[in-house]
Amino acid sequence: MEEAAKKRPIISARERGPGPGRYALPPTVGYINHDFTKPSSPAYSFHSRLSSAMVSVDSSPGPRYHVDAKVTRFGRTDAPAFSILGRARPSAGKGEVFQTPGPGAYSPERAPPLNPHRRPPSFTMGSRTRYCTEDAVPAPNRYTLPSLLGSQVPTKSSSVSSSMSGRRRVGAPSEDLAKSPGPGKYNSTDPDVYRQRQPSFSMQGRTKRPSYSSANPGPGAYSPEKFHLHLHRAPSFTLGVRHSEFITPLVLRVTD
């Protein structure tokens, strides 16, 4: 008897089967070759315009009609409308167009009165004719009336009038006959002479160079925060460098 073949477990790394990309499943997008196991929505297509030579071509226009909203199935519902047109041209064989005068061509104010109302008298102002007799009487603008301002009107009473003139040097009230000096000629005495004098101070620059005795340090030269001899001092520590154990220690000779 032939020995039965020994079954070994299947190792997936040794399998050389096709990958997932080798399988061709029906698509679920579109209309052509759609997977029949999946539901599909209605599909529409856009194609180019067909040739006019074909019998099945629909030559009617598209939805480009514009129906006025005022037109109904019972007729047009609209208010009466009027338009202003130009003057029509005369037909052939007739004369010229009758030129009807406008409102500005009439002058009703020149027409004679046709009603029983009375009209006031009207006058016109024209130049003097040469046949009129000349009158030697002067016109009103030839007369000159005296002025009513001031005290020179003989027939009118006037109030007191005063005038302002310059200051006179001789005989004026301001003339100083004694020739005494004015208040500005006298010298005023300092009140500190005959009254108690108040203390006075002045501010001026330093007149001499500072000496060593006056060169005292200012407040900023002191550091009171660094002075702690009279206070309790906390322990302080320092961080130094760790010395190597291979360094030779310092040996000093100590004499007895």
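The values are calculated or read from the model by the stated rules, or taken from the named source; none is laboratory data. No experiment lies behind these values; they were computed from the predicted model shown. In this analysis, Cβ positions are derived from the backbone assuming ideal geometry, glycine residues included, and neighbour counts consider all displayed protein chains. Remember, those area values only see protein heavy atoms, side chains included, never the ligands or the DNA or RNA. Shrake-Rupley method; radii C 1.70, N 1.55, O 1.52, S 1.80 Å.
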> So which residues in the stretch 32-65 are at pLDDT 80 or above and of a type outside the set (A, V, I, L, M)?
Replying inline: ASN33, HIS34, ASP35, PHE36, THR37, LYS38, PRO39, SER40, SER41, PRO42
> Looking at ARG128, is it within 30 Å of GLU109 (Cα to Cα), touching a Pro at 6+ places or on another chain (Cβ under 9 Å) and open to solvent by 100 Å² or more (accessible area, probe 1.4 Å)?
Replying inline: no
> Just for the stretch 201-220: of the residues that are under 60 Å from the mean Cα position of the chain (by Cα) and assigned to a loop (DSSP other than H, G, I, E, B), which one is modelled with the lowest pLDDT?
Replying inline: ARG206
> Residues of the stretch 91-118 being among the basic types (Lys, Arg) and modelled with pLDDT of 75 or more, which ones?
Replying inline: ARG110
> Under the condition of being open to solvent by less than 80 Å² (accessible area, probe 1.4 Å) and assigned to a loop (DSSP other than H, G, I, E, B), which residue from the stretch 221-253 is modelled with the lowest pLDDT?
Replying inline: SER244
> Could you list, in sequence order, the residues of the stretch 168-196 that are surrounded by 10 or more Cβ atoms within 10 Å (Cβ to Cβ) and of a type in the set (Lys, Arg)?
Replying inline: ARG168
